[in-house]
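Before any comments, here is the structure.
What follows is calculated from the coordinates using simple rules that are stated; it is not laboratory data. Just so it is clear, the structure is predicted and the values come from calculations on it, not from any experiment. Positions of Cβ are backbone-derived with ideal geometry, glycine not excepted, and every protein chain shown enters the neighbour counts.
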Amino acid sequence: MERAGAEGLVLGVDVGTTETKAVATTLEGRVLAIGRGVTPWDVREDGGAEVAPAVLLDGVLAACGQAVEQASAVPGVAGTLPVRAVGVTGMAEAGVLLDPTGRPSQLPIIAWFDPRGSAELAELDAGFAEGFPARTGLPLGPLATFAKLLWMRREHDLSLSGRRWLNVPEYVVHALGGDAVAEPSLASRTGLLDQADRTPFEEALSVLGASSELLPPLVPAGTPVGHTGQGAPAWLRGAVLTVAGHDHPVASLAAGALGPDDVFDSCGTAEAFLRVTEHRISPEQRIELSTHNVTQGAHVLVGRDLLLGGTRGGLLLRRTLAMLGADEPAAREALEAACPLGEVSLPVHVEGGRLDEQGLWLRIDADDVSPAMVWRAALDAVADQAREVVRVFERVVGPAARMVAAGGWTRSPSYRAVKERTFPGVTFSDVEQPGGVGAAAIASSAAAGDTPTSLPDTIARFVGTG
């Protein structure tokens, strides 16, 4: 019998907004188990959320322990195998401030979607505010780490001098024993990185009263940055540690969007579109992109950039199903079976789901509108919004070579059919938990001592044998 994973396990950890997933694989990419746990936010009345760093870390370790325990029970695997490497991906913008001694401060992790910092942003110098997107590739808003740091500075009368910022995946790696480093795709979401040359954005640091030390040294994804130390559980000690990067590009790699001109479509509640490019993006193009809520930054892969845009298309579809009373599987299947596909002229139109919209609107032009027609109209609305985002990409960096779609909605036959009509040639990835699998692939590369420039080949082999 083949002894699966006889050389040890690799853990790919994806610290997400809703839950943390830990994917346990062999070094060659065979998925053995997936551990998970809810991300334990304390939700605020203003819609924001926070969590203590130690509480988040406990949840990560619990998910990892669950995955290792399950993997040890896989036939052909004898006992708990040694963990050889850990790669951590996850949410950006949220993170931990280290004090001048290098220890986590007592401040909580503020969720990326938290509105704190909005008031402070409104008071900034107009010239700085206007130039922010051109330098950082981000719209000036509360999502960027910069806004959260502005709020911390005022709310807690806090000096940022001598402190360092770690995004959530970077913090987890550091807490497990790794060096304090900044991975470029994560650092690109902070508002502290000048995209022209990937150096600290000095004007933003000046506004914060901080030095360039606030951003740790930039280290590409897949670079070994230490080993799990004595503070980690015994079953985790000695594993190679690496920061895998921002969850969207990491998931795109596992799904197969490995080419220099690919588009990855993550079809979840928030539909995210990621365009890979090797084009050099100008300050003027960053401004144009930001007006369409498209951001630009470093990719996980060395030498590549990414454009990131999105809609709330999945939310629109979920609300449509609820309105039609099709939440349960049987009703959903009946709706799918009755959904008109192909070229149709519908007497109903659905609107909503854009990033700046919370509602859902119906316009009905006839008396014989069926639930299936409403569902098709919702699918068309989501497809139209997707087309708009991709067209923004095309105006700046040209047409894509191909599109890869993944995520929960791609399991819907009608969703797939409309997606294929909108984007002929789109392929669908069925990789489960692509964020965790991508992080595991990057961890495997780190354990093997591969160079970051070889990541595309390493990931292709890893996912191909999973």
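Numbers below:
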read-out: Antiparallel bridge percentage (DSSP; both residues within the chain; nearest 5); value: 70
read-out: For region 182-208 versus region 37-105, the gap between their alpha-carbon centres in whole angstrom; value: 25
read-out: Phe113, Phe393 arranged by Cβ crowding within 10 Å, fewest neighbours leading; value: Phe113, Phe393
read-out: Cα gyration tensor shape for the chain, rounded if a/c is under 1.5, else prolate or oblate; value: oblate
read-out: Which of Ser266, Ser118 has the fewest Cβ neighbours within 10 Å, and the rest in rising order; value: Ser118, Ser266
read-out: All-pairs alpha carbon distance profile, region 198-279, 5 Å steps from 0, percent; value: 3, 11, 13, 13, 14, 17, 16, 11, 2, 0
read-out: Given 12 as the ceiling on other Cβ atoms within 10 Å, longest exposed-site-free region of the chain for GluC sites (Glu not before Pro) in DSSP loops; value: 124-277
read-out: Antiparallel bridges, percent of DSSP beta bridges restricted to region 257-430 (to nearest 5); value: 75
read-out: Spin-label model distance (nm) - Val55 vs Ala334, 7 Å beyond Cα toward Cβ; value: 4.3
read-out: Signed unit charges on C-beta, dipole axis of region 177-317, positive-most listed residue Pro233, Pro260, Gly303; value: Pro233
read-out: Gyration tensor verdict on region 95-144 (Cα atoms; rounded if a/c is under 1.5, prolate if a/b is larger than b/c, oblate otherwise); value: prolate
read-out: Fewest-first sequence of Cys64, Cys267 by Cβ atoms within 10 Å of each Cβ; value: Cys267, Cys64
read-out: Cα centroid of region 255-310 to Cα centroid of region 359-386, whole Å; value: 29
read-out: About the Cα centre, charge dipole magnitude for region 257-430 (Lys/Arg +1, Asp/Glu -1 at Cβ), debye; value: 380
read-out: Global form of region 230-349, assessed from the alpha-carbon gyration tensor, a/c cut-off 1.5; value: oblate
read-out: Per residue Cα convex hull volume in Å³ - calculated over region 335-414; value: 134
read-out: Volume per residue of the C-alpha convex hull in region 257-430, rounded to whole Å³; value: 117
